[in-house]
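The values are calculated or read from the model by the stated rules, or taken from the named source; none is laboratory data. This structure is a prediction, so every number in the text was calculated from the model and none was measured. Backbone-built Cβ (ideal geometry, glycine too); neighbour counts: all protein chains shown. In case anyone asks, the SASA skips ligands and DNA or RNA and just uses the protein heavy atoms, side chains included. Shrake-Rupley method; radii C 1.70, N 1.55, O 1.52, S 1.80 Å.
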Amino acid sequence: MKEMLQQCLHILVYITILLRTESFFVDITYVESAVAQGAVCLDGSPPAYHIDMGSGAGINNWLIHLEGGGWCNNVTTCLARKETRLGSSKKMVKQVAFSGIFSNKPQLNPDFYDWNRVKVRYCDGGSFTGDVEAVDPETKLYFRGGRVFAAVIDDLLGKGMKNAQNAVVSGCSAGGLASILNCDRFKALVPASANVKCFADAGYFINVKDISGARHIEDFYDDVVTTHGSAKNLPESCTSRMKAGLCFFPQNMAQGIQTPIFLVNAAYDSWQIKNVLAPGVSDPHGAWHDCKTDITKCSTTQLQLIQEFRSQFVNVISGLSSSSSSRGYYVNSCYAHCQTEMQETWLRSDSPVLSNKTIAKAVGDWFYDRSSFQEIDCPYPCDKTCHNRIFEPLELSF
């Protein structure tokens, strides 16, 4: 027992040292001026972000990364969210760790280490698209994510982004979706002279049937768009063709994006497997519990359904293929969700690789036009470089 405790202590010390060498903490900045514009979190508190200023050759380059954290789709779920960091800046920690695409070390982030790197906190629950003027006096919920996005960009323009030479909007998960939905909007908000591109990490959520045959995610997104009044901030090229809820799915609107965009996504996106393919509502007896916790515990039948999900995902992504280098994608076969924010999956000696490139190398080469990249990995379990996630039971909820 004593030896086991000592071993655990050594591992903890190792992890602590590793975190100190691969990450650093950045203070929070509140956009107080946004409140007067009604650009606020669900609870009416000001939006916030964390910024590490650029230096040297990167002083006029800007990376704006949108935080993820799911969505709230009705008054009940938004009221619950309002009491957390995902609905109120009052609940946010004062510092967050920067690593991966946020790293300030050239050996860990060679193409963006000296840029102005900004992490925009997520507190609206609608992927930065909402805009409902009326506020119910009983619930006091503000659905203003679209205004938050514009207010944060305006604040950053005043801090030097008005001189941007290069500007990127990126994001993870719901933030990755936001970077897709707001890609052209971002370009319109920054200086016309800037070289503007978009990245999306684990933001390509697809509209597929779940294991019960229902389209749970389609109904959910429809509720999100209705609750947040998102239609006005979704591309008209899509909303003119179909109902607004369907335009929350990148597969229905991404072809119309004019700004160069790069997608990083696992074909076996762990969040989508857990919540789109096999949501709890469609698995009342928990038959998928172990499989969703650890993909190596999936049964043959479950793996077959997961492979079918991958086929649908690959088919949708392939629709974005272009002979133009303005579009790129890195679709590996990992059981993962969000791979650009963590050093271990962004750039390290043991990071995932696809066509002999790490995610950092593929993204950097694409951004700087050194080479194009449109690669889809072979099916699971062929990729031995993956860092497949193993989840705790509490991490499995929608």
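Here are some notes:
- As a calculated quantity, the FRET efficiency between GLN307 and ASP350 at R0 = 45 Å, using C-beta atoms, amounts to about 0.95.
- Here LYS232 is the anchor, and the aspartates and glutamates within straight C-alpha reach of less than 13 Å, apart from those fewer than 8 places off in the same chain, are ASP131, GLU133.
- Residues GLU133 and LYS90, FRET efficiency given R0 of 22 Å [Cβ-Cβ distance, rounded to 0.05]: 0.45
- Taking 0.36 nm per residue of separation and subtracting the current Cα-Cα distance, fully stretching the chain between THR21 and GLU392 would add 130.9 nm.
- Alpha carbon centroid spacing (whole Å) that separates the stretch 160-175 from the stretch 359-382: 20
- A cut-off of 5 Å between modelled amide H atoms, ignoring neighbours fewer than 5 places along the same chain, links PHE373 with TYR329.
- Summing Lys and Arg as +1 and Asp and Glu as -1 over all other residues whose Cβ lies under 13 Å from the Cβ of ASP201 gives a net charge of -2.
- Accessible area of the stretch 79-211 belonging to carbon and sulfur atoms, whole % at 1.4 Å probe: 51
- Those lysines that a straight Cα-Cα span of less than 24 Å connects to LYS119, excepting residues fewer than 8 apart in one chain: LYS82, LYS90, LYS91, LYS94, LYS105, LYS159, LYS162, LYS187, LYS197, LYS361
- In this structure the amide hydrogen of SER170, modeled in the peptide plane, comes within under 5 Å of the amide hydrogens of ILE64, HIS65, LEU66, PHE199, none closer than 5 places in sequence on its chain.
- Peptide ranges 100-112, 212-224 listed from the most packed, as the mean C-beta count within 10 angstrom indicates: 100-112, 212-224
- Temperature 4 °C, viscosity 1.567 mPa s: under these conditions the Stokes-Einstein estimate for the stretch 88-225, based on its Kirkwood radius over C-alpha pairs, is 76 µm² per second.
- In a reduced charge model with +1 at each Lys and Arg Cβ and -1 at each Asp and Glu Cβ, the stretch 279-397 shows a dipole moment near 280 debye about its Cα centre.
- Looking at the chain, the accessible area is 42 square angstrom per residue; that uses a 1.4 Å probe and ignores ligands, DNA and RNA.
- Computed over every Cα-Cα pair of the chain and binned at 10 Å starting from 0, the pair-distance distribution P(r) comes out as 5, 23, 33, 27, 10, 2, 0 percent.
- Lysines whose Cα lies under 16 Å from that of LYS292, excluding same-chain neighbours fewer than 8 positions away: LYS274
- What the phi angles of the stretch 80-89 give under the Karplus curve with 6.51, -1.76 and 1.60, with θ = phi - 60°, is a coupling list of 5, 5, 4, 8, 10, 5, 8, x, 8, 6 Hz, glycine and proline written as x.
- Ordering 226-234, 169-177, 90-98, 253-261 by mean Cβ neighbour count within 10 Å, with the highest value first, yields 169-177, 226-234, 253-261, 90-98.
- Residue-by-residue Karplus 3J(HN,Hα) for the stretch 166-171, coefficients 6.51, -1.76, 1.60, Hz, glycine and proline x: 10, 9, 10, 10, 9, x
- Antiparallel bridge percentage (DSSP; both residues within the chain; nearest 5): 30
- Share of carbon and sulfur in the accessible heavy-atom surface of the stretch 244-354 [1.4 Å probe, %]: 50
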